[in-house]
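Taking it in order: structure first as structure tokens, then the write-up.
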Amino acid sequence: MGSDTASSRPKIEEFDSILLDVVESTFKMVFGEATANMIFLQLEKRGSLSREQIPLNIEAFSSGLGKLLGSGALSLQESIVKRLCSRLQLEYDPRLAENFVDYVRELRKRLQE
């Protein structure tokens with residue numbers, strides 16, 4: 001029965017597009033579409049990080065969010081991780097990693113197993 005769950009999980013090749021989709025949908029859910037687009041624009045202007053580059057440079061994304069949103073970035077990142085876990089059919093465990101960047105890396109690694 002466990003193998004059915006593992007086999008129905010997304011593949012590692014899909015991880016980046018799923019991560020980006022989760023980031024976009026979480027931003028829109030929390031801020032609304034106009035503000036979400038403004039945040040993406042600011043990330044690109046201030047941090048030279050386009051929307052498409054987010055999965056490839058999660059450190060810059062996390063840092064940029066921190067600069068834009070201050071301590072509010074932490075709860076937003078937690079929401080992204082929880083929603084990402086759900087999409088990847090993995091259980092959310094807050095003890096898995098110390099921070100957002102490490103958590104995303106750990107989820108990516110788990111899909112490779």
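Each reported figure results from applying straightforward, stated rules to the coordinates on display, with no laboratory input. Everything numeric here is computed off the predicted structure, so don't read it as measured data. Backbone-built Cβ (ideal geometry, glycine too); neighbour counts: all protein chains shown.
Miscellaneous remarks
- A36 assigned to a loop (DSSP other than H, G, I, E, B) and either touching an Asp or Glu at 6+ places or on another chain (Cβ under 9 Å) or surrounded by 18 or more Cβ atoms within 10 Å (Cβ to Cβ) (or both): no
So that you can scan it fast, the table gives a plain yes or no per residue for (1) farther than 21 Å from F31 by Cβ; (2) of a type outside the set (G, A, S):
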site	(1), (2)
G64	no, no
A73	no, no
R83	no, yes
Q89	yes, yes
V101	yes, yes
E106	yes, yes
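- A count restricted to the range 75-93 and to residues that are out of contact with any helix residue (DSSP H, G or I) (no Cβ under 7 Å at 6 or more places or on another chain) and without any contact (Cβ under 8 Å) to a residue 12 or more places away in the chain stands at 4.
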